[in-house]
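Rule-based calculations on the coordinates, nothing more; no lab input. Everything numeric here is computed off the predicted structure, so don't read it as measured data. Methodologically, a virtual Cβ is constructed for each residue, glycine included, from the backbone with ideal geometry; neighbour enumeration extends over all protein chains shown.
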Ligand SMILES: Cc1cc2nc3c(=O)[nH]c(=O)nc-3n(C[C@H](O)[C@H](O)[C@H](O)COP(=O)(O)OP(=O)(O)OC[C@H]3O[C@@H](n4cnc5c(N)ncnc54)[C@H](O)[C@@H]3O)c2cc1C
C-alpha cells in the first residue's frame, strides 16, 4: 500500500525533499552508489553498501533482493571498491521463511568470499532479533566472512554476545533505531548510552572479533577510543552517510579506520523517515527549505 502521508509527499515531490534524500542516500541506482562509494574511498573511508529494502512479503521479492546484492558484489569487485555490503534479512524473506533467508544469505556470503569481501547482517526490530541471530549462527560458521549488528538498547544484547563472539567475524555496535517497548529495551537515553559504553568496552577486549563502533555520539566515540587504545587487533568506527560529516572527516584525519554505511535504491523513503525521526532538526530543515526559507 502506498503511503502518501504529507511527509512522504514533501520528501518525494519537492526539491528540498530530494535534496535531503541525497544527503543521506547515494541515489536510486547501483551506478550512483558505486560513484559515491569510490568518492568516499578516495577520501579515506571504507564503505558498506546497503541496497534499501526490508520486510518483503514473497519469495519473488526476496530473490530480487538477492540478485540486486549479487550485482552490487560484482560491482565492488569490478570497480575495486573498498566496500562490503549490509543486508537486512527481512529483505531476503526472513519475515515469512527463515530457511529461504538462510539460503539466500549463504549464497551472498559465498559470492562475497570469491570477491574478497564481507557482509554485515543488519539488526532489525526486536520481533526478529532471535531469528536474525539464528540465521547468523547457521551461516557464519560455514562462510566465515559475516558480521552482525547488535543494539545497545536491548536488554538481551549482553547474552546475545555470548553466542555471537565465539563465531568471530565483525560485530557492529549501534544504539538501535526502532521504537521498542520497555519490556525489551531501555527506555531512557542515559541507560542506552551506558549500555553502549559497556558493550564497546567488552567488544574491544575480544581479540577474536572486529568491533565496529557505529555511532555519531561524541562521548561514545571518545570512550571507544579509550577502550580501543591498547587493542592490538583491528577495529573500526562506522557512521551513516551524510551524518556528522565533520566528525567523519576528523576521524579519518586522526587515522582511525572509518566505514560509511551507504544506502541506495528506490526504497529510500522508510530509511529517510527513520533518520528524520532520530533527529527532528532534519525535518525542520526540510520544512524550512520547502517553504523557501
Ligand atoms: C553504520 C551504522 C549502522 C547502523 N546499523 C543499524 C542496525 O543494523 N540496526 C539498528 O537498529 N540501527 C542501526 N544504526 C542506527 C543506530 O542504531 C542509531 O539509530 C543511529 O546511529 C543514531 O544513534 P547515534 O549512536 O548516532 O546517537 P544519537 O545520540 O542518536 O546521536 C548523536 C548525534 O549524532 C547526530 N545524529 C544522529 N542521528 C542523526 C541523523 N539522523 N541526522 C543528523 N544527525 C544525526 C546528532 O548530532 C546527534 O546529536 C546504525 C548506525 C550506524 C552509524
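Ranked highest first by the average count of other Cβ atoms within 10 Å around their residues, in what order do 54-63, 194-203 fall? Can you show the working numbers first?
On the way: 54-63: 15.8, 194-203: 19.8.
The densest-packed peptide leads the list: 194-203, 54-63.
Express as a percent, rounded to the nearest 5, the fraction of DSSP beta bridges in region 26-264 (both residues included) that run antiparallel. Before the final figure, lay out the partial values.
Values: 1 of 33 bridges.
Restricted to region 26-264, the bridges split so that about 5 percent are antiparallel.
Suppose each label sits 7 Å from its Cα in the direction of the beta carbon; what would the residue 155-residue 253 distance come out to in nanometres?
Placing both labels 7 Å beyond Cα along the Cβ direction yields 4.4 nm.
Compute the length gained on full extension between residue 32 and residue 225: take 0.36 nm times their separation in residues and subtract their Cα-Cα distance, giving the result in nm to one decimal. Before the final figure, lay out the partial values.
Numbers: separation 193, 0.36 × 193 = 69.48 nm, distance 3.29 nm.
Gain on stretching residue 32 to residue 225: 66.2 nm.
Which order do peptides 127-135, 258-266 fall in by mean Cβ count within 10 Å, highest first? Intermediate results must be reported in sequence, preceding the final value.
Details: 127-135: 18.1, 258-266: 22.6.
The peptides rank, most packed first, as 258-266, 127-135.
Could you rank the peptides 170-181, 73-84 by their average count of other C-beta atoms within 10 Å per residue, with the highest value first?
170-181, 73-84
Could you list the square roots of 5 times each eigenvalue of the Cα gyration tensor of region 186-289, that is, the equivalent ellipsoid semi-axes, sorted largest first and rounded to whole Å?
Sorted largest first and rounded, they come to 27, 17, 13 Å.
How are the alpha carbon pair distances in region 133-192 distributed across 5 Å bins from zero to the largest one, expressed in percent?
Taking every Cα pair in region 133-192, the percentages come to 4, 18, 28, 20, 15, 10, 5, 1.
What is the spread of the Cα atoms of the chain along each of their three principal axes, largest first, in whole Å?
For the chain, the Cα extents along the three principal axes come out at 52, 44, 43 Å.
Kirkwood Rh, Cα Rg: Rg to Rh for region 88-160?
Taking Rg over the Kirkwood Rh, I get 0.96.
Taking region 6-91 on its own, what percent of its Cα-Cα pair distances exceed 19 Å? Numbers along the way, then the final one.
Details: 1733 of 3655 pairs.
So the pairs more than 19 Å apart make up 47 percent of the total in region 6-91.
What 222 nm value per residue comes from the helices of the chain, counting each DSSP H run with n ≥ 4 as -39,500 (n - 2.57) and dividing by all residues, nearest 500 deg cm²/dmol? Numbers along the way, then the final one.
Numbers: 12 runs with 150 residues, N = 293.
Value at 222 nm, helices only, nearest 500: -16000 deg cm²/dmol.
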